[in-house]
Amino acid sequence: MNKTQKVLEHLQNNTGITSMDAFELYGATRLSAIIFNLRNRGYDIVNVDRDCVDRYGNTCHFVEYRLVKGE
């Protein structure tokens, strides 16, 4: 199973995925490219803007990708 398949399976079975998740779980360093390819294959994936505070008190912005599941 390649990284694209792993990310797709993750999206299908979980709420969403971030770049950190993809790196830690699957060793995928280019999640945005994987998402681009999945979108080109017809998957409806949305971006959810997220914020956090790092260990130095700085606000960090990142994206969580979520698969829109058909009903």
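Sort out for me the helices (runs of 4 or more DSSP H) sitting completely within the stretch 1-59 that have 1 or more residues that are of a type in the set (Asp, Glu).
Filter on the stretch 1-59 gives 3-13, 19-26.
State yes or no: is residue 63 modelled with pLDDT of 95 or more, outside any strand (DSSP E or B) and in contact with a strand residue (DSSP E or B) (Cβ under 9 Å, 6 or more places away or on another chain)? The answer is no for residue 63. Selection of the stretch 58-67 for residues being open to solvent by less than 70 Å² (accessible area, probe 1.4 Å) and more than 13 Å from the chain's Cα centre (by Cα) yields only 60.
This table checks each residue for (1) surrounded by 10 or more Cβ atoms within 10 Å (Cβ to Cβ); (2) out of contact with any Gly (no Cβ under 9 Å at 6 or more places or on another chain).
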site	(1), (2)
7	yes, yes
11	yes, yes
17	yes, yes
24	yes, yes
36	yes, yes
44	yes, no
49	no, yes
56	no, yes
69	no, yes
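The values are calculated or read from the model by the stated rules, or taken from the named source; none is laboratory data. This one's a predicted model, so the numbers in the text were calculated from it and none came from an experiment. As a convention, Cβ positions derive from the backbone with ideal geometry for all residues, glycine included, and neighbour counts pool all protein chains shown. The protein model used for the area step is the full one, side chains on, heavy atoms only, and it has no ligands, DNA or RNA in it. Shrake-Rupley method; radii C 1.70, N 1.55, O 1.52, S 1.80 Å.
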